[in-house]
Amino acid sequence: MPSANDYDPVAELYDVYVRVDFDLAFFRDEAQRTAGAVLELMAGTGRVTAAILEASSNVTCIDRSPGMLRVLHRKLAGRGHGVSVVCADVCALPLQGPYGLVIIPFHSFAELTQADDRRATLQEIRRVLAPGGRFICTLHNPSVRTSTLDGDDSMLGTFQRFDAPGQLELWVRGTLDARARIAESVQVCKLYDSDGALESEHVYSVRFALLEHTEFEEMARKEGFTIVDCYGDYARSPFEPSQSPYMIWVLGGA
């Protein structure tokens, strides 16, 4: 079974239903305080990229999905930014660096469901990170995220379509393999026309690992990182194991 999710089937729909902005100011600020180049891994369609470009003109984006990167290229067209966009696997970066800031936003590191792939990715990031640079890795807090993996269908929202008049309705069902600590989110995108008639349905599954605080910290230290901080949200609140929604790790090279 593949270690990371394939977003190509939903690349053209992704921006319709993923419109969150709760982390953009955080990453914009982090890019602002970075003297060197910025490397965004698992960049997708560039939801975070646009915010980084407000603070840095030296940005490289990596993603393994050609479909998602086609959307990113369209967003960048005509904007005059010298962004480098590379289709590659984060486990084997075709880059030398150095980068003053490396980020994996939107809790995507956990989508590497195999431990060997997570270790390889950390090793690659450590290799390209500049001396004194920072690596920011965002994760869900399993204590909080697990409560949503109850196997029930829930509608996350209705969104205006970009491609035609009408709406997209997003349904999600989350389940957990407790023994393997692997979660699966089955997402159903229902496309309706302007009259409210159902045109099509797109079913997509996302798998991700639930990584505990101590587990990630041990792994990061083993791969040569130092722990600079761990926030519990994008307002930089201290991480609280029982209630923080996220683990936002700020790491430096050892």
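Between Glu12 and Cys87, what FRET efficiency comes out of the Förster formula 1/(1 + (r/R0)^6) with R0 = 25 Å and r the beta carbon distance, rounded to 0.05?
Numbers: r = 17 Å, r/R0 = 0.67.
Once the sixth-power term is evaluated, E becomes 0.90.
Quick check on the chain: of the DSSP beta bridges with both residues there, what percent are antiparallel, nearest 5%?
Working: 43 of 59 bridges.
Among the beta bridges of the chain, antiparallel pairing accounts for roughly 75 percent.
Among Gly174, Met68, Gln123, which residue has its Cα positioned farthest towards the positive end of the charge dipole of the chain, with +1 placed on the Cβ of Lys and Arg, -1 on the Cβ of Asp and Glu, and the dipole taken about the Cα centre?
Looking along the dipole axis, the top candidate is Gln123.
Tell me, what is the per residue accessible area of segment 97-198 in Å², probe radius 1.4 Å?
Values: 4650 Å² over 102 residues.
For segment 97-198, the solvent-accessible area averages 46 Å² per residue.
Could you please state, rounded to a whole Å, how far the C-alpha centre of segment 108-162 is from the C-alpha centre of segment 33-82?
Comparing the Cα centres of segment 108-162 and segment 33-82, I get a distance of 18 Å.
When only the heavy atoms of the protein chains count and the probe is 1.4 Å, how do Trp249, Trp171 rank by accessible area, highest first? Display every interim value, and only then the final one.
Values: Trp249 0, Trp171 80 Å².
Reading off the accessible areas and sorting them downward yields Trp171, Trp249.
Can you give the charge dipole size of segment 125-189 about its Cα centre, rounded to the nearest 20 debye, using +1 on the beta carbon of Lys and Arg and -1 on the beta carbon of Asp and Glu? Working shown, then result.
Working: 8 positive and 7 negative charges, 128 e Å.
Magnitude of the dipole: close to 620 debye.
Quick one: angle between helix 213-222 and the longest Cα principal axis of the chain, in degrees between 0 and 90, rounded to 10, please.
The angle comes out near 50 degrees.
Against the longest principal axis of the chain, how steep is helix 66-76, in degrees 0 to 90 to the nearest 10, with axes from Cα atoms?
80 degrees
Compute the length gained on full extension between Ala180 and Ser147: take 0.36 nm times their separation in residues and subtract their Cα-Cα distance, giving the result in nm to one decimal. Before the final figure, lay out each step's value.
Numbers: separation 33, 0.36 × 33 = 11.88 nm, distance 1.67 nm.
Computed gain between Ala180 and Ser147 is 10.2 nm.
Which entry in (i) 28, 19, 18; (ii) 29, 23, 16; (iii) 42, 21, 15 is this structure's computed semi-axes √(5λ) of the Cα gyration tensor in Å?
(ii)
Positive end of the dipole of the chain, charges at C-beta (+1 Lys, Arg; -1 Asp, Glu), about the Cα centre: which of Ala164, Val10, Val228 has its Cα farthest in that direction?
It is Val228.
How large is the dipole of the chain about the Cα centre if only Lys and Arg carry +1 and Asp and Glu carry -1, each at its Cβ, rounded to the nearest 20 debye?
Result for the chain is approximately 860 debye, rounded to the nearest 20.
Within the chain, what whole-number % of the accessible surface is contributed by carbon and sulfur, with the 1.4 Å probe and all protein chains included in the calculation? Before the final figure, lay out each step's value.
On the way: 5740 of 11730 Å².
Roughly 49 percent of what the probe reaches on the chain is carbon or sulfur.
Longest exposed-loop-site-free stretch of the chain, with trypsin sites (Lys or Arg not before Pro), DSSP loop and at most 13 other Cβ within 10 Å? Could the numbers behind the result be given before it?
Details: sites that count: Arg19, Arg33, Arg79, Arg179, Arg236.
Looking at the chain, 80-178 is the longest stretch - no exposed trypsin sites (Lys or Arg not before Pro) with at most 13 other Cβ atoms within 10 Å.
Under the rule a/c < 1.5 gives rounded, and otherwise a/b versus b/c splits prolate from oblate, where does segment 133-254 land using the Cα gyration tensor?
prolate
Hey, for a label at Arg33 modelled as a point 7 Å past Cα toward Cβ, could you say which residues of segment 223-253 have their backbone N under 20 Å away?
In segment 223-253, the label zone of Arg33 (backbone N under 20 Å from the point 7 Å along Cα→Cβ) covers 225-240, 246-253.
Roughly speaking, what is the stretch gain from Ala235 to Arg70, that is 0.36 nm per residue apart minus the C-alpha to C-alpha distance, in nm to one decimal? Present the calculation step by step, with values, prior to reporting the outcome.
Working: separation 165, 0.36 × 165 = 59.40 nm, distance 3.16 nm.
Full extension from Ala235 to Arg70 adds 56.2 nm.
Would you work out the charge dipole size for segment 73-216 about its Cα centre, treating the Cβ of every Lys and Arg as +1 and the Cβ of every Asp and Glu as -1, and quote it to the nearest 20 debye? Walk me through the intermediate numbers first.
On the way: 15 positive and 18 negative charges, 170 e Å.
In total the dipole reaches around 820 debye.
The values are calculated or read from the model by the stated rules, or taken from the named source; none is laboratory data. Since this is a predicted model, take the numbers as computed values, not measurements. No Cβ is skipped: glycine too gets one built from the backbone with ideal geometry, and neighbour counts run over all protein chains shown. Ligands, DNA and RNA are excluded from the accessible area calculation, which covers all protein heavy atoms including side chains. Shrake-Rupley method; radii C 1.70, N 1.55, O 1.52, S 1.80 Å.
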